[in-house]
Amino acid sequence: MSSPPQHSVEQSPRIPEEPEPPKHVAIIMDGNGRWASERGMHRSEGHRAGVNNVRRITTSFADHGVKYLTLFAFSTENWERPDDEVGFLISLMGEAVRQETQPLHDQGVRIRHIGRLDRLPDGLQDAIRESMELTKDNKGITLNLAYDYGGRAEIIDAVRAMVADGLRPDDITEDALQRHLYTAGLPDPDLIIRTAGEMRISNFLIWQSAYAEYYVTDVHWPDFDERQVAKALEAYGGRQRRYGRLDPDETS
């Protein structure tokens with residue numbers, strides 16, 4: 001007596017897992033002036049367009065599951081630009097903080113400042129502190145605004161703080177230094193993006209970026225939109241982060 005025919009059971013194709021998004025993304029927002037020049041506009045209009053892009057990009061990264069976003073808005077070296085441009089940038093920052101804090105707060109964004117506050121005008125200092133106070137308990141993405149920020153200045157300030165705290169030479173460890181950085185309590189960036197095609201770090205998060213992945217795009221910051229966010233995250237998802245180690249296959 002013949003046995004009944006065996007029917008193979010087709011298995012549904014396996015859906016590839018989504019790559020884990022970076023926890024912390026940091027961006028060197030470059031190209032505002034060139035964006036304006038290409039359009040026959042004053043550089044100030046490029047800076048304004050760049051500021052207007054912040055909320056859109058913050059929302060986009062939050063939608064992708066990123067928990068921390070750090071934006072390099074004004075460096076310690078930017079003080080050396082022409083006085084009228086510096087004055088405009090300071091004024092624009094104050095305007096942006098006052099206009100954008102409430103909408104970001106409504107979206108659950110927590111705002112944090114990293115950098116020096118003491119050289120900023122009193123009104124801007126107050127606005128920044130008020131934005132941080134208002135949003136400090138929010139549970140959404142943390143937006144770190146690096147304003148009057150420089151990586152070398154941060155390390156110097158951290159060393160001074162350790163000395164002021166009375167740390168002895170044997171107490172100075174990587175953990176101790178990290179606790180005294182502007183970014184204390186934040187994870188190191190997983191991905192650093194630079195717009196406008198420049199291939200340098202420009203004194204940005206030089207301690208924290210030791211093992212960060214870098215992504216450079218020719219797109220100027222005002223044109224860096226949701227599609228560009230997706231491209232950067234896709235590129236990051238294809239990287240293999242080794243932290244100086246070899247893969248098991250390479251050790252055999």
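Name, by its number, the condition in (1) at pLDDT below 95; (2) of a type in the set (Asp, Glu); (3) touching a strand residue (DSSP E or B) at 6+ places or on another chain (Cβ under 9 Å) that does not hold for Glu85.
Of the numbered conditions (1) at pLDDT below 95; (2) of a type in the set (Asp, Glu); (3) touching a strand residue (DSSP E or B) at 6+ places or on another chain (Cβ under 9 Å), the odd one out for Glu85 is (3).
When the residues of region 125-167 are filtered to those that are under 21 Å from His180 (Cα atoms) and in a loop (DSSP other than H, G, I, E, B), which remaining residue is least open to solvent (accessible area, probe 1.4 Å)?
Residue satisfying both the conditions and the ranking: Gly150.
Can you find, within region 60-99, the residue that is most open to solvent (accessible area, probe 1.4 Å) among those that are more than 20 Å from the chain's Cα centre (by Cα) and within 22 Å of Leu205 (Cβ to Cβ)?
So, considering only residues that are more than 20 Å from the chain's Cα centre (by Cα) and within 22 Å of Leu205 (Cβ to Cβ), the one most open to solvent (accessible area, probe 1.4 Å) is Glu80.
Based on this model, can you work out whether Arg227 counts as modelled with pLDDT under 85 and among the basic types (Lys, Arg)?
Here the answer is no, as Arg227 does not meet what is asked.
Hey, Leu104 hits all of (1) open to solvent by less than 30 Å² (accessible area, probe 1.4 Å); (2) under 17 Å from Ala26 (Cβ atoms) but one; which does it fall short on?
(2)
Looking only at region 120-159, which residues are in contact (Cβ under 8 Å) with a residue 40 or more places away in the chain, farther than 16 Å from Thr70 by Cβ and not hydrophobic (A, V, I, L, M, F, W, C)?
Residues satisfying the conditions are Arg152, Asp157.
Look at region 107-124 and say how many of its residues are over 17 Å from the mean Cα position of the chain (by Cα) and either open to solvent by less than 20 Å² (accessible area, probe 1.4 Å) or within 23 Å of Asp63 (Cα to Cα) (or both).
Within region 107-124, residues that are over 17 Å from the mean Cα position of the chain (by Cα) and either open to solvent by less than 20 Å² (accessible area, probe 1.4 Å) or within 23 Å of Asp63 (Cα to Cα) (or both) number 4.
Answer yes or no as to whether Ile192 is in contact (Cβ under 8 Å) with a residue 40 or more places away in the chain, open to solvent by 60 Å² or more (accessible area, probe 1.4 Å) and either out of contact with any Cys (no Cβ under 9 Å at 6 or more places or on another chain) or not acidic (Asp, Glu) (or both).
no
Counting only residues that are assigned to a loop (DSSP other than H, G, I, E, B) and at pLDDT 75 or above, which one in region 236-252 is surrounded by the most Cβ atoms within 10 Å (Cβ to Cβ)?
The extreme case among them is Arg239.
Just name the residue that is farthest from Ser60 (Cα to Cα) out of those in region 210-235 that are part of a helix (DSSP H, G or I) and open to solvent by 30 Å² or more (accessible area, probe 1.4 Å).
My answer is Ala235.
The values are calculated or read from the model by the stated rules, or taken from the named source; none is laboratory data. These figures come from a predicted structure and were not determined experimentally. All Cβ positions, glycine included, derive from the backbone under ideal geometry; neighbour counts span all protein chains shown. Ligands, DNA and RNA are stripped out before the accessible areas are found, and what is left, the full protein with its side chains, is counted by its heavy atoms. Shrake-Rupley method; radii C 1.70, N 1.55, O 1.52, S 1.80 Å.
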